[in-house]
Amino acid sequence: MEAELLPLESKYYGSKIRVRKNSFEEVIKIWNNFGDFTPSERELKKHGYSLEDWNNNIEIDNGWGVLEPIQSVELVDTSHFESQSQYLFCKEIIEKLNA
């Protein structure tokens, strides 16, 4: 069996894991933030930032030429983003499927 996390799309509607076995292929969608409102490493990377930047709450341009802490800028849509806990959950699923 082979499983892989598919890349994020422009607007987030769940994390997608492609699973293949022989000629069988299925895409599993998981969309549950588990109460974690920290964007995933992948979400932050799309915007040019890292999880470390988020955790350190660095100041970034808010789009109007004003510096604000990254966590207070609407960097990701509040309901359409992959959380870090969901990303790690998906990685765990993939690891188990590929074992």
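We did not get these values from a lab; they are worked out from the coordinates using the rules stated. Please read all numbers here as calculations on a predicted model, not as lab measurements. Here the Cβ is made from the backbone with ideal geometry for all residues, glycine too, and neighbour counts use every protein chain on show.
Values for this structure:
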| read-out | value |
| --- | --- |
| Size of charge dipole - the chain - debye, nearest 20, with Cβ of Lys, Arg +1 and Asp, Glu -1, no other charges | 540 debye |
| Rg/Rh ratio calculated on Cα atoms of the chain (Kirkwood radius) | 1.06 |
| Stretchable slack from ASP77 to TRP64, in nm (0.36 nm times residue separation minus alpha-carbon distance) | 2.9 nm |
| Unsatisfied cross-links (Cα-Cα over 18 Å) in the set LYS29/LYS96; LYS45/LYS96; LYS11/LYS91; LYS11/LYS45 | LYS45/LYS96; LYS11/LYS91 |
